[in-house]
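Heads up: the structure comes next, in structure tokens.
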Amino acid sequence: MSAIIKHFVMHQLSINAQQRLELTPKQACFDVTQSTETLAHEINQAFSAKPGKGVGGFAISEHLINGTTEDNTNDHESVSSVVSNPSFKDLLGDGITDAEHFIALSKGGSQLLIKALVEDGLVETGYIVFVHYEFLATEYLLIALLNTKQHVEVTDELELSYSDHLDVPKMQLAVRIDLTQYSIQPELHRYISFIKGRMGRKVSDFFMRFVGCEEKVDIKAQNKQLIAQVDDYLATEQLSTEEKHVSRGIVADYYKQKIASGEDINVAELSTKLPRNEEQQSDFSVFNAHLDQPLEPVFQPDRAALKPLAKFTGQGGGITLSFDRNLLGDKVHYDPVTDTLVIKGIPPNLKDQLSKADID
């Protein structure tokens, strides 16, 4: 399913001759063509597939970043021109009204991003993309900072041709605002999602700050909690090993479907797919509601959650183990009393290594 593009613009962020961050703005939106639709769809899919996102809303406190909203028609707008002006929330208003508003929002937002970078002493260059689109009857505003990678092609004359392409799959700095939820339920503070970090540091900090976002929900923690609660729920229902295996497969298929479609995990919807206790008129939703810390009703899926549904994994003391869940009780037996695993049917390559090893 494709996104319906409403507005799409891109500005360049680079270092000028004075070694300062500089914005080269595009003065009008791109025409909506097959190319822009394809690129917007790729960006949306790449964002949806990123693990470990956070969710929140516009900060209520007054320490938001301010930047410029000046409609500077020069080709280059230097960071030196940044002056105190409204926050990103103020620039957005109640929603995006038209192309003129969208361009002003994108320019003002870009200057807010530059100001956040300067304040943190960071240097990030690339292309700032603003996409206003509709997907699955929901309006979104997605903002991303994309870098490029060089491609080499061979011409018909057997010459090498070099060109730069946007590196969408490696997008690490992006926020997406659910404009529909923002207009309907702003009090929930669940309408902004963002990528959370790279290489051991929270690079999302300045990106969150330029938008003025405060985190409310840890998506990775929600997904991890869901998988743990599914296991606890299946244990309370006294199901057979096979029934538990089938139920986990159903959850895995549900996750794959939601990740592929870009939709959220819905706890109530998932509950209808899991075994129900007819005697007590109870299901997974009821089980979740009675916990000390119940899950959010709706949250984004994390692809990393699929792994524990299918496998047991662990490492420590120089040992790394991983095996499919359905092998427990069949080829793999665990004795909690002696804390031992018995594995029947050693993988051939491991068996070959063990047979050649010097064992005292």
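Between 64, 39, 23, the distinction of being modelled with pLDDT of 85 or more, surrounded by 15 or more Cβ atoms within 10 Å (Cβ to Cβ), closer than 30 Å to residue 220 by Cβ and assigned by TED's automatic domain parsing to the domain that holds residue 183 belongs to 39 only.
Note on segment 245-264: residues that are assigned to a helix (DSSP H, G or I), free of Cβ contacts under 8 Å to residues at least 60 places away in the same chain and charged (D, E, K, R) total 3. Given the criterion in contact with a strand residue (DSSP E or B) (Cβ under 9 Å, 6 or more places away or on another chain) and surrounded by 14 or more Cβ atoms within 10 Å (Cβ to Cβ), identify the matching residue among 315, 300. 300 is the lone residue from the list that is in contact with a strand residue (DSSP E or B) (Cβ under 9 Å, 6 or more places away or on another chain) and surrounded by 14 or more Cβ atoms within 10 Å (Cβ to Cβ). Selection of segment 265-300 for residues being of a type in the set (Ser, Thr, Tyr) and assigned to a strand (DSSP E or B) yields only 282.
Checking each residue in segment 97-140 for being assigned to a strand (DSSP E or B) and touching a Gly at 6+ places or on another chain (Cβ under 9 Å) picks out 128, 130, 135, 139. Inspect segment 146-159 for any residue being surrounded by 18 or more Cβ atoms within 10 Å (Cβ to Cβ) and either part of a loop (DSSP other than H, G, I, E, B) or touching a residue at least 12 places away in the same chain (Cβ under 8 Å) (or both) and give the result as yes or no. Yes, segment 146-159 contains at least one residue that is surrounded by 18 or more Cβ atoms within 10 Å (Cβ to Cβ) and either part of a loop (DSSP other than H, G, I, E, B) or touching a residue at least 12 places away in the same chain (Cβ under 8 Å) (or both). Being surrounded by fewer than 15 Cβ atoms within 10 Å (Cβ to Cβ), under 22 Å from residue 296 (Cα atoms) and outside the structural domain of residue 176 (by TED's automatic domain parsing) is a property that does not hold for residue 241. Taking residues in segment 102-117 that are among the hydrophobic types (A, V, I, L, M, F, W, C), and partners anywhere that are surrounded by fewer than 24 Cβ atoms within 10 Å (Cβ to Cβ) and in a helix (DSSP H, G or I), the pairs with Cβ atoms closer than 7 Å and at least 6 places apart or on different chains are 105/91; 105/92; 114/79; 116/206; 116/209; 117/206. Of all residues in segment 316-354, those that are among the polar types (S, T, N, Q) and at pLDDT below 85 total 1.
Pick out the one residue from 176, 190 that is assigned to a loop (DSSP other than H, G, I, E, B), under 16 Å from the mean Cα position of the chain (by Cα) and farther than 30 Å from residue 328 by Cα.
Answer to the selection: 190.
The values are calculated or read from the model by the stated rules, or taken from the named source; none is laboratory data. Remember, it's a predicted structure, so these values are computed and weren't measured experimentally. Cβ coordinates were reconstructed from backbone atoms using ideal geometry, including for glycine residues, and neighbour counts include every protein chain displayed.
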